[in-house]
Amino acid sequence: MELHKLTLTEVAKMIHKGEIRPHEVLIDVFKRIQEIEAKVRAYLTLIPDKAYDMARDAEDAIFRGKKDILTGIPIAVKDNICTKGILTTCASKILYNFYPPYESTVTSKLLKQKYILTGKTNMDEFAMGSSTENSGYHITRNPWDLERVPGGSSGGSAAAVAADECIAALGSDTGGSIRQPASFCGVVGLKPTYGRVSRFGLVAFASSLDQIGPITKCVSDSALMMNVMAGFDPLDSTSAPLDSADFTEFLGQDIKGFKIGIPKEYFIAGMEEEVEEAVKQAIHLLESLGCIPIEISLPHTEYAVATYYIVATSEASSNLARYDGVKYGLRSRGEDLLDMYMKTRSEGFGQEVKRRIMLGTYCLSAGYYEAYYKKALQVRTLIKKDFEEAFKKVDFIITPTAPTAAFKIGEKIDDPLQMYLSDIFTISVNLAGVPAISIPCGFTQNGLPIGLQIIGKNFDEARILQLSYAYEQATPWHKMKPNL
Ligand code: GLN
């Protein structure tokens, strides 16, 4: 059996029944990596030796009767999530030698269950981008078409899941970085409610927007991952004081009577016809399953991209001030301290990161603060209120995840504005803080996956998963595999 092709739900069940051992699954996953990683390049760091040690730990635990859902499951982790003693670069040259002295809360929770870390996945440098082309190391290719991008910034994680180079993965989402690559790679990506999953140990990009979430082969896998990942964490001051929940609770339950909002502002010019068609079909299908579509309005949508690129860059300019060559990471030689700072940052950061630090510094500077940063915060409040109003009328909001399917490598890299626009449907969700998922909803004529975004109310992930599961069970998309 090709164990690497299985879902987390399937592998966990077989491990629990004693039908397979973690070691066997891992062998299969690494065999797969050996066969295709040279083409896809989803990983920045692979740790086979450590992974086999972890498999042995998992087997010991199972032998002693301590089986949890993630025990012995090979999982890939985005390279901006700190893993103690394991290289964590954020795909930046400035952290080329950073071995974190501590573990992120999320990976600590995975470790407690004795998961297996396969390696750290490629991404846009510091999660800034939508194509993984901004990695300081190499690009990642879309498993469905090697000439195309996997999306970003969690492109490595999404590609690894789609290509069966792991059983599941972790990503992070500041403006769409879990959902957009999930959509481009034909897998499931969930951005939890802000505060639902601890950010402790996630290298900060824009702290008021960042969330860690799962990227998986199917909806039930996403629920299982969330069961382990979510929960209050005293180490994250923005963590929500909620007990852990069972995200599988509603899977398989009827979705009759759910009100699904269709925002009129989201079916815009510039959207690919095939994407629009696939999303409309999905809405019809949900209707046939008993959901009630209702047209809604999110009137401030047109300001979302501008608002995001002020808030995110401002926070980034402050967060990235810590990379100064003193405490960790790259240190370039300089004449004096100031010269050392300047050389380190000039040599260590890539172009997009520098662009954002400059933009953010400008927006926060005296004289411009009121016109840009403060104004952006005010508009952010209006965007948040749009969602609050909408959720008085509907249970969910349905949109495409991205206006297009995966684009060609190099197509947008010289036009940052075009690149920014690929997040037009995902960004408002982060500004509002609400949870949203991307699930596969069809393919283009060229065989590229299309993603459906389902946005829910705060802390309503379990219902988002319920709706997603009902859709998934009624469609064949999640069973399709790229031909590599
Ligand atoms: N693509 C968006 C950006 O470049 C979002 C990135 C993200 O969610 N980390 O900022």
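Conditions tested, residue by residue: (1) within 24 Å of Ile33 (Cα to Cα); (2) away from the ligand (no atom under 15 Å from the Cβ).
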{"position": "Gly85", "(1), (2)": "yes, yes"}
{"position": "Ala91", "(1), (2)": "yes, no"}
{"position": "Phe98", "(1), (2)": "no, yes"}
{"position": "Ser108", "(1), (2)": "no, yes"}
{"position": "Asn122", "(1), (2)": "yes, no"}
{"position": "Phe126", "(1), (2)": "no, no"}
{"position": "Glu133", "(1), (2)": "yes, no"}
{"position": "Tyr137", "(1), (2)": "yes, yes"}
Does the stretch 143-153 contain at least one residue that is more than 11 Å from the ligand (Cβ to nearest atom), more than 26 Å from Leu224 (Cβ to Cβ), in contact (Cβ under 8 Å) with a residue 60 or more places away in the chain and assigned to a strand (DSSP E or B)? yes
Among Pro214, Pro263, the single one that is crowded, with 20+ Cβ neighbours inside 10 Å, in contact (Cβ under 8 Å) with a residue 24 or more places away in the chain and under 21 Å from the mean Cα position of the chain (by Cα) is Pro214
Answer yes if at least one residue in the stretch 314-326 is over 19 Å from Phe98 (Cβ atoms), modelled with pLDDT of 95 or more, of a type in the set (A, V, I, L, M) and out of contact with any helix residue (DSSP H, G or I) (no Cβ under 7 Å at 6 or more places or on another chain), and no otherwise. no
Could you tell me which numbered condition Val161 fails, if it satisfies all but one of (1) assigned to a helix (DSSP H, G or I); (2) within 12 Å of the ligand (Cβ to nearest atom); (3) touching a Cys at 6+ places or on another chain (Cβ under 9 Å)? (2)
I'd like to know if the stretch 441-450 contains one or more residues that are surrounded by fewer than 24 Cβ atoms within 10 Å (Cβ to Cβ), part of a strand (DSSP E or B) and of a type in the set (A, V, I, L, M, F, W, C). yes
Applying the selection to the stretch 170-194, what residues are under 9 Å from the mean Cα position of the chain (by Cα) and either closer than 18 Å to Pro400 by Cα or away from the ligand (no atom under 15 Å from the Cβ) (or both)? Asp173, Thr174, Gly176, Ser177, Ile178, Arg179, Gln180, Pro181, Ala182, Gly189, Leu190, Lys191
Residue list for the stretch 412-438, restricted to those being closer than 20 Å to Phe267 by Cα and either part of a loop (DSSP other than H, G, I, E, B) or polar (S, T, N, Q) (or both): Gln418, Ser422, Asp423, Ile424, Phe425, Thr426, Ser428, Asn430, Ser438
Mind listing just one residue for me: the one in the stretch 403-437 that is free of Cβ contacts under 8 Å to residues at least 12 places away in the same chain and within 13 Å of the ligand (Cβ to nearest atom) and, of those, surrounded by the fewest Cβ atoms within 10 Å (Cβ to Cβ)? Leu417
Any chance you could count how many residues in the stretch 192-211 are within 26 Å of Thr475 (Cα to Cα) and either surrounded by fewer than 22 Cβ atoms within 10 Å (Cβ to Cβ) or free of Cβ contacts under 8 Å to residues at least 40 places away in the same chain (or both)? 0
Considering only residues that are more than 15 Å from the ligand (Cβ to nearest atom) and in contact with a Cys (Cβ under 6 Å, 6 or more places away or on another chain), which ones fall in the stretch 197-244? Gly201
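The values are calculated or read from the model by the stated rules, or taken from the named source; none is laboratory data. The structure presented is a predicted model; accordingly, all values stated were derived computationally and were not measured. FYI the Cβ positions are ideal-geometry reconstructions off the backbone, even for glycines, and counts take in every protein chain you see.
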